[in-house]
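In what follows, a single structure is set out as structure tokens and then discussed.
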């Protein structure tokens with residue numbers, strides 16, 4: 001499968017559309033990335049935070065047909081739309097869900113060429129009445145496509161969602177609120193800087209002070225790790241321990257590989273030959289994702 005191009009329907013995704021002359025400026029003052037850089041040929045990854053800098057929702061942002069389109073988790077759509085409308089005040093921007101569209105991933109060699117896009121994260125363009133981009137987090141994740149339900153991508157060989165999950169987990173990339181706890185997770189614990197989801201040179205946004213302080217004071221004590229085991233992992237949410245101490249929590253996985261939020265000091269201890277990390281008695285090998293090293 002690694003040498004073949006596959007098209008995969010992405011379940012649980014939804015579109016939120018922002019339209020109006022102040023849409024970019026409005027959203028730029030709220031989320032972690034610089035929305036003024038969003039364009040028909042450039043997509044962004046970003047997050048909305050609480051004023052205390054805690055994670056609420058992540059999103060892919062692309063300009064298409066003169067509007068901003070936010071690719072978000074379907075189960076976060078209603079809450080995100082509600083929060084954006086609360087912040088809107090007198091800004092000239094309309095915020096509405098966009099039903100009737102489907103999300104796809106195109107993975108495998110030549111995905112960018114098939115879409116006539118540069119091979120770089122965030123490269124974007126129009127497609128069959130919809131739009132597409134190379135995943136703005138990490139180009140190795142392939143392309144993301146949005147098309148009206150009446151259109152077919154006509155690209156690659158169809159594959160199950162499990163193929164995309166295996167790629168995402170192997171690369172060590174978190175999947176929004178599946179892996180980041182709402183109202184608790186911090187961006188830098190989850191590699192948002194390495195995944196190009198936060199811009200430290202932009203102006204203020206909600207939660208910016210805490211995020212900047214975390215970076216410049218080196219306050220990241222736990223991080224997202226890729227974990228591997230020689231037996232099937234226990235359920236997502238299982239506690240991970242080391243020699244009786246709480247080491248962290250197991251996140252999404254597909255059997256013997258997955259993600260975990262772990263205390264850096266205990267991972268270092270285990271990797272230096274100390275007591276192993278255990279998830280319900282199953283030993284784990286934890287490493288930082290390559291993109292985050």
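The values are calculated or read from the model by the stated rules, or taken from the named source; none is laboratory data. None of the values given here were measured: they were computed from a predicted structure. FYI the Cβ positions are ideal-geometry reconstructions off the backbone, even for glycines, and counts take in every protein chain you see.
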(message) Can you pull out every residue in the range 11-42 that is more than 13 Å from the chain's Cα centre (by Cα) and within 29 Å of residue 157 (Cβ to Cβ)?
(response) 11, 12, 14, 15, 40, 41, 42
(request) Just name the residue that is nearest to residue 187 (Cα to Cα) out of those in the range 217-243 that are more than 23 Å from the chain's Cα centre (by Cα) and modelled with pLDDT under 95. (result) 217
(message) Only one of 41, 71 is under 26 Å from residue 160 (Cα atoms) and touching a residue at least 60 places away in the same chain (Cβ under 8 Å). Can you tell me which?
(response) 71
(message) Considering only residues that are part of a helix (DSSP H, G or I) and out of contact with any strand residue (DSSP E or B) (no Cβ under 9 Å at 6 or more places or on another chain), which ones fall in the range 20-55?
(response) 25, 28, 36
(request) Go through the residues of the range 61-82 one by one and say whether even a single one is over 20 Å from the mean Cα position of the chain (by Cα) and surrounded by 19 or more Cβ atoms within 10 Å (Cβ to Cβ). (result) yes
(message) Looking only at the range 29-58, filter to residues that are touching a helix residue (DSSP H, G or I) at 6+ places or on another chain (Cβ under 6 Å) and surrounded by 22 or more Cβ atoms within 10 Å (Cβ to Cβ); which one of those is nearest to residue 174 (Cα to Cα)?
(response) 58
(request) Confirm whether residue 166 is assigned by TED's automatic domain parsing to the domain that holds residue 254 and farther than 15 Å from residue 292 by Cα. (result) no
